[in-house]
């Protein structure tokens, strides 16, 4: 029998072969321990897949980074096109696919394909959902790794309803954010200064974000688990952070889960808030990164951060604020060219985009003022949504991409171009994203990360 583990000497990534499945089910206990005594983060790829080749350097960085962090997670990869049985066994439906495997626990990664995000996914999936911190040095190492990521802390854990609910929430949302359990006496002074409570024995839940802290407003009236679940999902984003395209769609799934939790809470007797939106939209400030240091871009981002930090009630209840350099990807989604810098509103569920007709760039000067931005955000229902994720829209987008690829090809077939163009001539419908928001059914499925790219998995 061939060994299931073939070392790749150019990196720490382990190449797996067709014997892997036999070892999983029938291997002697030493081999079984060798694979499963620690966790494994495996990539299923196809040798002919361009996306897989582009991911390869990042995946090697992931392996190196996990080694630097002293993680026991082993990183391997397997050519599922050559070993189709293994691909079928692990429910691989597209390439590349990354799965975290720990004994009977198998979790698929569907997030942004960056080193940091993949490493964070693996570390969150491994071990306990709540990382128990017992020393200040251990806490400092974790805080340093988190960087600008918000993280949730249970201070002074004890036998209480709040502590139990926090652990339940951590297990439910472990792939989305960080959860720590810390005795108050090991918190560094710079963090204890941010806390309002002086009680050194009281258990409380806080989130550290944006160089500050928010304390969960726990009381007997909101002691239901759904209330804490919703609060965690609402506060897990920076007040004005960078958003990748995959973050937008994952945020939509998260928001529907918040709505699901709120719906569960109403069954206990509380009344729903009138005209409360089913989920929040995203106020997205688009910039071009090579020009991020230019005065016009700097002022534009400062305006966005100021609006976000004001936490105006009529805005914070309806919007997540963020910035992105994904204008090209969003342009493909909307099937129009989006200018930068510009403010757009993205519906993270319907994947529709609202454009502001009152913003222009004249002689290099951006004319959008804060008052105009606020008016646009408050009146977004009056704007026409473009793009979307319906079947017809996806079909039109595919046709548009094929036409675009043919036009830039030196050997493009003119007849094919005409045919595809004719297929795309359809009447425009006046769909409004916010009308759709009030009717969209609440998802009752467990929270699941979703990526909008070439490896989108649908059920």
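Starting from the Cα-Cα distance between residue 161 and residue 68, subtract it from 0.36 nm times their residue separation and give me the gain in nm to one decimal.
Stretched fully, the residue 161-residue 68 segment lengthens by 29.7 nm.
Would you mind calculating the gained length between residue 299 and residue 148 on full extension (0.36 nm times residue separation, minus the Cα-Cα distance), in nm to one decimal?
Length gained between residue 299 and residue 148: 52.2 nm.
Run the quick spin-label model on residue 116 and residue 314: label points 7 Å from Cα toward the beta carbon, then report their separation in nm to one decimal.
Those two pseudo-labels are separated by 3.5 nm.
Segment 106-131 to segment 159-196: how many Å between their Cα centroids?
19 Å
Counting other beta carbons within 10 Å of each residue's own, what order do 186, 118 fall into, fewest first?
In order of increasing Cβ crowding within 10 Å: 186, 118.
Taking the Cβ-Cβ separation of residue 335 and residue 193 as r and a Förster radius of 56 Å, what is the calculated FRET efficiency to the nearest 0.05?
So, using R0 = 56 Å, E works out to roughly 0.65.
Calculate, in nm to one decimal, what residue 219 and residue 202 gain on full extension: separation in residues at 0.36 nm each, minus their alpha carbon distance.
Fully extending the segment from residue 219 to residue 202 adds 4.8 nm.
For segment 56-195, give me the percentage of DSSP beta bridges that are antiparallel, rounded to the nearest 5 percent.
40 percent
Rule-based calculations on the coordinates, nothing more; no lab input. Everything numeric here is computed off the predicted structure, so don't read it as measured data. Methodologically, a virtual Cβ is constructed for each residue, glycine included, from the backbone with ideal geometry; neighbour enumeration extends over all protein chains shown.
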